[in-house]
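Structure first, commentary second.
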Amino acid sequence: MSAAGSRPRRRRRLWWMAVVAIVIIVGVAWGVRRSRRSSPPRPPTPVNVTLPEGLRREQIATILAAKTHLSASAYLSETAVGGEGQVLAGTTTPRSLEGFLFPATYQVLPTTTAAQFVGDQLAAYRNYTATVNYAYAKSKNLTAYDVLTIASMIEREVSVPAERRMVAGVIYNRLHAHMMLGIDATVQYALGYWKTNLTEADLQTNSPYNTRKYVGLPPGPICNPGLASIQAAAHPAKVPYLYYVARNDGSGGHYFATTATQFNADVALSQAHQAKGG
């Protein structure tokens, strides 16, 4: 067979191969398009939000507004002073949900509302604290809400975990002795924000949360504590101490004292460390 006679057949073969290739490409594209149309929509992607221990509700609102679609105002509205807080606290007057907004990691969907998020926090609080034994606190005429309030002060005051129960013991001892608690974190709460160095004017803030001016516990929690601080508040260490002050030596710990004389000496040492940049 001549070369000239084979060319038409080769052209026809190439033409049919091209047609087949086009048919295959069109079929695959149609199949992919149909598959996309028939496949179910993907579920919305949740956002994980981690809330550490010791935040007040305004701080939580700011975090939610920054990381999710939930607005700060909506969250603050859901957690404001009202009947739900009163029921949870077991008080005769309305309370905010401060203290009950349990610190944990939560999933927020695009459809999640502020009310649903707060509901998740309250459910987490109930679940995590279900095994807390309040018998000892009750024997000291303290309610579960009082324990939560003490826990919130421990959360703001303590950096070294081993000191949680010791600070709780100091608080119990001062309550028993009808002494002012003198806890700076409560003054900071009364001011409306956390402040490292308090002035004399700050210490004179006229608020029931100011334990530098008023004897006894503040009206409620000053932040939202974690389980470890709640357990410590329910089970304080049996210590003789009535005083403590931050060491300011970089350890994060405190000096503990049984007498005002020893406490004043500890304060002087603490101030010396602070002057050195501790």
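Bear in mind that the values in this text are calculations on the coordinates, not laboratory data. All of these numbers come straight from a predicted model, not from anything done at the bench.
In plain terms, the chain from T259 to Y128 could stretch by 43.4 nm, reckoned as 0.36 nm per residue minus the Cα-Cα distance.
Length gained on full extension, T199 to K238, computed as 0.36 nm times the residue gap minus the Cα-Cα distance: 10.8 nm. Of all aspartates and glutamates in the structure, those lying under 12 Å Cα to Cα from K195, and not within fewer than 8 positions of it along the same chain, are D184. Close amide H pairs (under 5 Å, H built 1.01 Å from N) link A104 with L51, residues at least 5 positions away or on another chain.
If you wrap the Cα atoms of the range 135-239 in a convex hull and average its projected area over all directions, you get 6.2 nm².
Once you order the gyration tensor axes a ≥ b ≥ c over the Cα atoms, which shape class does the range 195-266 get: rounded for a/c under 1.5, otherwise prolate or oblate by comparing a/b with b/c?
It is rounded, given that a/c, with a ≥ b ≥ c, falls under 1.5.
Straight-line reach from K138: taking Cα to Cα under 24 Å and skipping same-chain neighbours fewer than 8 places apart, the lysines in range are K238. Relative to its Kirkwood radius, the Cα radius of gyration of the range 47-129 gives an Rg/Rh of 0.95.
Looking at the P(r) of the range 78-164, how many percent of alpha-carbon pairs lie beyond 18 Å?
Value for the range 78-164: 53 percent of Cα pairs lie more than 18 Å apart.
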